[in-house]
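Read the figures in this text as sums done on the coordinates, not as results from a lab. Please read these numbers as outputs of a predicted model, since none were measured by experiment. Cβ placement follows ideal geometry from the backbone for every residue including glycine, while neighbour counts extend to all protein chains displayed.
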Amino acid sequence: MKSEIQVIRANGGKIPCPLRPTDANAKNPSLGLTCDSYLSEHSILRTLTPAHIARFVEALRKGMEVAITNEQLALSNTSSSSTTPAPKPNTPSLDKQDISRKRHHVVTEILNLKRPCCGFVLPDWTGCCAVTCDRCLAGRNSFCGICLRMDGPDAHKHIHRMHPGQMFLSEQKIKEVHQKLRHERLVGYFATMDAAVARAVMKDVTVFLEGTGVIGQAILREADRRRNDGGFRVRANGVLNPTPDEIQVQEKKE
């Protein structure tokens, strides 16, 4: 019975002609067994005895049961795989408020360069880089227009000491200096962030980089290197720390 069920299943519920080629016959085409037809139900009922008909019907029923069961299992597996959500990658969720705060800091405190004495936007000037703020009191209103640091009541001395030969700069040169300053401060600030957070913040501030000469991807690459090395040229608030050379110069002057 088992072999009969397998034959019926393999032939879609039909019984092949006894002259249908088998694997053995296919290797010996000289036998002439080339019939590819199937026996019709009418010929089966007319030829078989009642006992054989009953056996045929039983084999057909069992074959159909097996086929239906397999089809139901296939549908069940397809349904479960389509309804089960794919596992999400184990990535940390980003704090949108934190990203918004960091974006605001980048735009207002780093890209928008400010006077170190009062926090107002830098004034436009040409010529001498010892800038005097017109909003602050004398003695506390002089700062370096190159590094935007206050170093005593007179910025001229600071420039001679820390930026020799750069007391007077052209407008184009001042723009280049400030572009490098923004770059340094951005690298330092982004290096304090997690890599995923840094990329999310950079995506939000890219539009503000236009016209500043700052390249966002270069900032991220350098911030990654600095983060991995653990060395920071800039503090988290974006203010430049003195380099080892600057510290050495200061120590000699003192």
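Results, tabulated for the structure shown:
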| read-out | value |
| --- | --- |
| TRP125-ASP98 FRET efficiency (beta carbon distance; Förster radius 45 Å; 0.05 resolution) | 0.80 |
| Cross-link pairs LYS102/LYS175; LYS114/LYS175; LYS102/LYS173 - those with Cα-Cα distance over 22 Å | LYS102/LYS175; LYS102/LYS173 |
| Stretch gain in nm, segment GLU176-THR69, where the contour uses 0.36 nm per residue and the Cα spacing is subtracted | 30.9 nm |
